[in-house]
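The values are calculated or read from the model by the stated rules, or taken from the named source; none is laboratory data. If you're wondering where the values come from, they're calculated on a predicted model, not measured in any experiment. Glycine also receives a Cβ, built like all others from the backbone with ideal geometry; neighbour counts cover every protein chain displayed. In case anyone asks, the SASA skips ligands and DNA or RNA and just uses the protein heavy atoms, side chains included. Shrake-Rupley method; radii C 1.70, N 1.55, O 1.52, S 1.80 Å.
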Amino acid sequence: MPEKTLAEGSRAGAVGIEHGGAASPKRWWILAVVAIAQLMVVLDATIVNIALPSAQTDLGFSDGNRQWIVTAYALAFASLLLLGGRIADLFGRKPAFLVGVVGFAAASALGGAANGFTMLVAARALQGVFGALLAPAALSLLNTTFTDARERARAFSVYGAIAGAGGAVGLLLGGVLTDALDWRWTLYVNVAIAVVAFAGGWTLLGNHRDATNAKLDVPGTVLVAGGLFALVYGFSNAETHDWDSPLTWGFLIAGGLLLTAFTWWQTRAAHPLLPLRILLDRDRAASFLAVLITGAGMFGVFLFLTYYLQLNLGFSPTKTGVAFLPMVGALMVTAQAGTTLLLPRLGPKTVIPLGFAVATAGMAWLTGIGVGSSYASAVLPQLIVIGVGLGLVMPPAMQLATGGVAAEDAGVASATVNAMQQVGGSIGTALLNTLASSAATDYLSGRDATSKLVRAQATIESYTTAFWWSAVLFGAGAVIAFLCYRRGVPRQDAGAAPVVHM
């Protein structure tokens, strides 16, 4: 290897590739740091959910206000993701990563110390703001660090498994912390995670700006932030208002118009926030859709199955979290197999539709739950099947969504992946909640609503309806993926700008 100065070696090693193409061993430590940071962001989407009843009792806010603990995070996170990704490209991924970690930890500490509803909502919104900076920086670091196709597949299998299973890990950790300590520790735990991520990032990461000659697209930022905010807010209102409420359809229409205007502006902006070349690649566009659909359908597993396990089977918060672990294990195994073995041999047109089809079968099987069902026979096998399916979808789709992107666009491409997952989750939550509530109401119509057995069966009807619609979403994902992906194995990144940082 040619001689180089210590500073040059440090910079090259920090991004995982050195002069002459020799990869630095630091790249696997960088993967560990990125994975820890991503876990903090992903699990926070669910870890607070399981602690909400305790927080509500402690702080005394109403059922109507409870949703804002979740919605405040989703609104800030989704609406600012593209801005966060572009900031990472413009000003460097290391500072974006470190500022995101510190800010997320500070917001978490503020939420843990909340003395009222307003303070907790403000803290959750701040978590979303800094998460929108941290998440795309983390994913783009992974994209620019691993340039060898085989190693990159392995790295994305880890990252994709965390993205897919982080919600279940959040439920487990939230249950343990709430039972053993206090609901506030579901927020305080982020401080400990952030210390590890910050120390690793400060030590291992080098700072390189790939889009130094570009400028921030202010009109595009305003349009897309407003559009995503309106879209997520509209779907969130669908949970507490009717679909015919102006607060629902009005914001959804506004969101659609703003995003349409954003797309138009991107064709004319000198320095577009989201260069349309990122979306025009067929495999990448298909991967964005796959992530969107997976985010929407997964809430049928986490949200309603959590209700079933706790309210119908009497599981504690901790036991509920443990109940999801088999799905996490299956997802992690197939994530590794899907990205490193199947995708390079069979291609996405086979692997990702297959994953959706397996997940569809698992969700349909899960509709067999009843009032007297047992976890071992009516939930456990189905969760394993769903985990196998999702492991074949999420990691390969994330890898393909960011693969082949020029280095200066890595941050915004990564942000688009996160935005798709977040918007998909918001759509899924609103849609499945509405359908489940309607199913319960329809079942109670004409029956004795005072009977405990009737009411219990009504809740089962609501859960199974949500599971059926999740199966429909996954089934649609299988068809869309099969139609949209190219035939053959993924093309290598030879057409993209080589990521060699000196």
Any residue in region 243-251 that is β-branched (Val, Ile, Thr), in a helix (DSSP H, G or I), under 21 Å from Gly477 (Cα atoms) and open to solvent by less than 30 Å² (accessible area, probe 1.4 Å)?
no
Identity of the residue in region 355-378, of a type in the set (A, V, I, L, M, F, W, C), assigned to a helix (DSSP H, G or I) and over 21 Å from the mean Cα position of the chain (by Cα), that ends up nearest to Val388 (Cα to Cα)
Ala361
Answer with yes or no whether Pro353 is open to solvent by 10 Å² or more (accessible area, probe 1.4 Å), out of contact with any strand residue (DSSP E or B) (no Cβ under 8 Å at 6 or more places or on another chain) and in contact (Cβ under 8 Å) with a residue 60 or more places away in the chain.
yes
Given Met398, Met394, Met420, which one is open to solvent by 10 Å² or more (accessible area, probe 1.4 Å), closer than 30 Å to Arg86 by Cα, touching a residue at least 40 places away in the same chain (Cβ under 8 Å) and among the aliphatic types (A, V, I, L, M)?
Met420
Please determine whether any residue of region 309-330 is under 24 Å from Leu289 (Cβ atoms) and surrounded by fewer than 24 Cβ atoms within 10 Å (Cβ to Cβ).
yes
Output the residues belonging to region 441-467 that are hydrophobic (A, V, I, L, M, F, W, C) and surrounded by fewer than 19 Cβ atoms within 10 Å (Cβ to Cβ).
Leu444, Ala449, Leu453, Val454, Ala456
Quick one: is Pro95 at pLDDT 75 or above, more than 24 Å from Leu173 (Cβ to Cβ) and either of a type outside the set (Ser, Thr, Tyr) or surrounded by 19 or more Cβ atoms within 10 Å (Cβ to Cβ) (or both)?
yes
What are the residues in region 358-375 that are buried (at least 20 other Cβ atoms within 10 Å of the Cβ) and either farther than 16 Å from Thr459 by Cα or touching a strand residue (DSSP E or B) at 6+ places or on another chain (Cβ under 7 Å) (or both), if any?
Val358, Ala359, Thr360, Gly362, Met363
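Conditions (1) assigned to a helix (DSSP H, G or I); (2) at pLDDT below 80; (3) over 15 Å from Ile293 (Cα atoms), marked per residue:
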| residue | (1), (2), (3) |
| --- | --- |
| Pro396 | yes, no, no |
| Glu408 | yes, yes, yes |
| Ala419 | yes, yes, no |
| Ala497 | no, yes, yes |
Output the residue which, of all residues in region 264-308 that are among the charged types (D, E, K, R), in a helix (DSSP H, G or I) and out of contact with any helix residue (DSSP H, G or I) (no Cβ under 6 Å at 6 or more places or on another chain), is modelled with the highest pLDDT.
Arg282
Is it the case that some residue within region 449-457 is more than 23 Å from the chain's Cα centre (by Cα) and charged (D, E, K, R)?
yes
Scan region 117-127 for residues that are among the polar types (S, T, N, Q) and either free of Cβ contacts under 8 Å to residues at least 60 places away in the same chain or assigned to a loop (DSSP other than H, G, I, E, B) (or both) and report the count.
1
Considering only residues that are among the small types (Gly, Ala, Ser) and in contact with a helix residue (DSSP H, G or I) (Cβ under 6 Å, 6 or more places away or on another chain), which ones fall in region 236-263?
Ser236, Ala238, Ala254, Gly255, Ala261
What residue, of Leu432, Leu380, is in contact with a helix residue (DSSP H, G or I) (Cβ under 7 Å, 6 or more places away or on another chain), surrounded by fewer than 19 Cβ atoms within 10 Å (Cβ to Cβ) and of a type in the set (A, V, I, L, M)?
Leu380
Being within 15 Å of Val41 (Cα to Cα) and either out of contact with any Leu (no Cβ under 6 Å at 6 or more places or on another chain) or open to solvent by 10 Å² or more (accessible area, probe 1.4 Å) (or both) is the filter here, so list the residues in region 114-135 that pass it.
Arg124, Ala125, Leu126, Gln127, Gly128, Val129, Phe130, Gly131, Leu133, Leu134, Ala135
Just checking, which of Ala478, Ala471 is at pLDDT 90 or above, open to solvent by less than 40 Å² (accessible area, probe 1.4 Å) and in contact with a Pro (Cβ under 8 Å, 6 or more places away or on another chain)?
Ala478
Go over the candidates Gly170, Gly111, Gly85 one by one and state the one that is small (Gly, Ala, Ser), at pLDDT 80 or above and buried (at least 23 other Cβ atoms within 10 Å of the Cβ).
Gly111
Set Lys319, Lys349: member being of a type in the set (D, E, K, R), within 17 Å of Leu380 (Cα to Cα) and either in a helix (DSSP H, G or I) or in contact with a Leu (Cβ under 9 Å, 6 or more places away or on another chain) (or both)
Lys319
